[in-house]
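As structure tokens, the structure follows; a few thoughts come after it.
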């Protein structure tokens, strides 16, 4: 087994908390400061900062180093990677169902053929 | 803040482990028993069972109660919910970028208009 944490491990773990998803949903509307993010969450700025660090480590947000208020910005790439992984499994599963349906369809046709021959 | 764990919390947390993602990827090709899932993971069946319980709690798999080997089956609904959440943030962010681009385009046009008026 892989021992180190992969990017997908870190991204999915970061998405597994409602406060962090609320932060990302807010940032999808535009950049925001810690204070702006803390308000709707009814959390203290230090509590928000803790969540921001997890999001930053996952690459899901970027924080400005230069500006005084260090606004946060959403980063799309890790969301895209996570979404692509999920979609791959869905597609695989759905194509398997399609194959199964075709197979059952063929079986039914064969059975009907046999009935006619009787 | 919400105190109880929501479905999305549990689903994303379940996806945050490489062994569990490998199990889901295997099941996207068809149902499998614990033994079949354990082999490519080089894990003991009890270790796999631990991961299966987490996946089952998240609703990502279902295990047959009646069959002797209790094969596991992938369940699409939670993957769909997770994927939809991610896509919502992406769309929101992309439409924001489009609006920003239009705004900058309009500003440029106005500037060019000013230049002509000079």
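Which numbered condition trips up residue B:61, out of (1) farther than 26 Å from residue A:99 by Cβ; (2) crowded, with 16+ Cβ neighbours inside 10 Å?
(1)
Within the range B:16-62, which residues are part of a loop (DSSP other than H, G, I, E, B), over 24 Å from residue A:95 (Cβ atoms) and within 11 Å of another protein chain (Cβ to nearest Cβ)?
Those that are part of a loop (DSSP other than H, G, I, E, B), over 24 Å from residue A:95 (Cβ atoms) and within 11 Å of another protein chain (Cβ to nearest Cβ): B:16, B:17, B:42, B:43.
Suppose we filter the range B:27-39 for residues that are within 20 Å of the chain's Cα centre (by Cα) and crowded, with 20+ Cβ neighbours inside 10 Å; how many remain?
1
If you check B:84, B:75, which single one turns out to be surrounded by fewer than 19 Cβ atoms within 10 Å (Cβ to Cβ), closer than 29 Å to residue A:91 by Cβ, touching a strand residue (DSSP E or B) at 6+ places or on another chain (Cβ under 9 Å) and modelled with pLDDT of 85 or more?
Residue meeting the stated conditions: B:75.
Return the only residue of B:109, B:5 being over 30 Å from residue A:26 (Cα atoms) and either at pLDDT below 95 or surrounded by fewer than 18 Cβ atoms within 10 Å (Cβ to Cβ) (or both).
Only one candidate passes the filter, namely B:109.
If I filter the range A:9-18 for residues that are in contact (Cβ under 8 Å) with a residue 40 or more places away in the chain, surrounded by fewer than 19 Cβ atoms within 10 Å (Cβ to Cβ), under 25 Å from residue B:101 (Cβ atoms) and touching a helix residue (DSSP H, G or I) at 6+ places or on another chain (Cβ under 7 Å), do I get at least one hit?
Looking through the range A:9-18, none of the residues is in contact (Cβ under 8 Å) with a residue 40 or more places away in the chain, surrounded by fewer than 19 Cβ atoms within 10 Å (Cβ to Cβ), under 25 Å from residue B:101 (Cβ atoms) and touching a helix residue (DSSP H, G or I) at 6+ places or on another chain (Cβ under 7 Å).
For a quick check of your reading of the model, give me the residue pairs whose first member lies in the range B:69-80 and is facing chain A (nearest Cβ under 7 Å), whose second is in a helix (DSSP H, G or I) and modelled with pLDDT of 95 or more, with beta-carbon atoms closer than 6 Å and at least 6 apart or on different chains.
Final answer for the pair search is B:74/B:27; B:79/A:86.
Could you check the range B:51-71 and list, in sequence order, the residues that are touching a strand residue (DSSP E or B) at 6+ places or on another chain (Cβ under 7 Å), modelled with pLDDT under 95 and on the phi < 0 side of the Ramachandran plot?
Of everything in the range B:51-71, those that are touching a strand residue (DSSP E or B) at 6+ places or on another chain (Cβ under 7 Å), modelled with pLDDT under 95 and on the phi < 0 side of the Ramachandran plot turn out to be B:63, B:71.
The values are calculated or read from the model by the stated rules, or taken from the named source; none is laboratory data. Model, not experiment: these values are computed from the prediction. For neighbour counting, all protein chains shown are included, and Cβ atoms are generated from backbone atoms with ideal geometry for every residue, glycine included.
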